[in-house]
C-alpha cells in the first residue's frame, strides 16, 4: 500500500500549517513557484531540492524529508502476531479508507473500529469467523469513516456504539477513564481532536502472547504524515505528540488511510515530529 500522503502533499500541508506562502517555500526549496506547484501535485522530485532550507521554513525535519524522498515506507506488518485483527480497505471512485475488526478468540466477541464505505466485507468476515459484533468504535464522524454504519447497526442492533461526538446520545459517548473489555482484551481511548472536533484514538491492550498494543488512530496520523488540521493544526500536532507518540515504540498504529505503521517508525521518519 502506498503512503496516504506523498512528499508533495506533506510539503503543501506544512505550508498551510505554518502559514508559509508558496513563494517563500519555493524560494527556500530552490524551485520556481510553478515547479513547487507541480511538486505539490505529484510528489515527484525532478530537480534537486534544498530540503534543509525547506524543512526549516516549514518546521519539518529535513533529514526525514530526504528519507521520504528516497522512497521510505513502513515495514510490512504481519497481523497474525495479534491473532485476531483484520484490516479492511474499501474504495469508492478511487477514494480508499481503512477500518479494523478485532475479536477475542475465546468468546468470539468482536469490536469494529470505524465502518469504511462498504459493510459487506465486514459482514462476510463476521460470518466466516463465527463472530458476534458487540461494539462499534468511531474515531471521528467524517462520512468515509461512518458510511456503512446504518447497515451494520441494522444487522447488529445490540452492538454498543462508542463515539466522542457531542451529537451522539449520552449513552454512546466515550467517558473519561473508561475501559471497555472484549474478552481478555482491554480497550481505552485518548481524545485526539484536531483533524476532527470529535477525533479519538482507541488503544487495545492485553493481546495473547504479550503482543504490543494496537492504536486505532483514524486520520490523526498517517505513515510519514498527519491528517489535515482543518484550521486546528497546532492542536492536531500537539495531540499526536502527547497522546500517540508517547505510546511504546512497538505500538502498532492503524490509520484511517494508508499503510500500518508503528510509533517507533513515526518517531524516526515522520517529518512533522
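Worth a mention:
- Rounded to 5, the percent of DSSP beta bridges in the stretch 153-273 classed as antiparallel: 75
- The stretch 7-69 - convex hull of alpha carbons, volume per residue in Å³: 64
- The share of C-alpha pairs in the stretch 183-273 whose separation exceeds 23 Å stands at 17 percent.
- Order of 217, 97, 146 under a 10 Å beta carbon neighbour criterion, fewest first: 146, 97, 217
- Packing rank of 2-9, 166-173, where each peptide gets the mean count of other beta carbons within 10 Å, highest leading: 2-9, 166-173
- Percentage relative contact order, the stretch 133-255, counting C-alpha pairs under 8 Å, at least six apart: 21
- Helix 7-17 axis, angle to the chain major axis (alpha carbon atoms, nearest 10°): 90
- Structure-based [θ]222 nm, the chain - -39500 (n - 2.57) summed over DSSP H runs of at least 4, per residue, nearest 500: -7500 deg cm²/dmol
- Remark: the stretch 46-169 is approximated by an ellipsoid whose semi-axes, taken from the C-alpha gyration tensor as √(5λ), come to 37, 18, 14 Å, largest first.
- Coordinate range along principal axes, alpha carbons of the stretch 1-42, Å, largest first: 33, 20, 12
- Rounded to 5, the percent of DSSP beta bridges in the chain classed as antiparallel: 70
- Ordered by the number of other Cβ atoms lying within 10 Å of each residue's own Cβ, fewest first, 220, 262, 115, 181 fall into the sequence 181, 262, 115, 220.
- Normalised by the number of residues in the chain, the average gap of Cα pairs under 8 Å and 6 or more apart makes the relative contact order 17 percent.
- Given in Å, the Rg to one decimal and the Dmax to the nearest whole number for the Cα atoms of the stretch 79-269 are 15.4, 45.
- The chain: angle of helix 33-42 to the longest principal axis, Cα-based, in degrees nearest 10: 30
- Ascending count of other beta-carbon atoms within 10 Å, so fewest first, for 1, 226, 17: 1, 17, 226
- The stretch 1-60-the stretch 114-152 distance, computed between alpha-carbon centres (Å): 36
Readers should treat all values here as calculations from the given coordinates under stated rules, not as data from a laboratory. Note that the coordinates shown come from a computational prediction; the quantities given were computed from them, not determined experimentally. Here the Cβ is made from the backbone with ideal geometry for all residues, glycine too, and neighbour counts use every protein chain on show.
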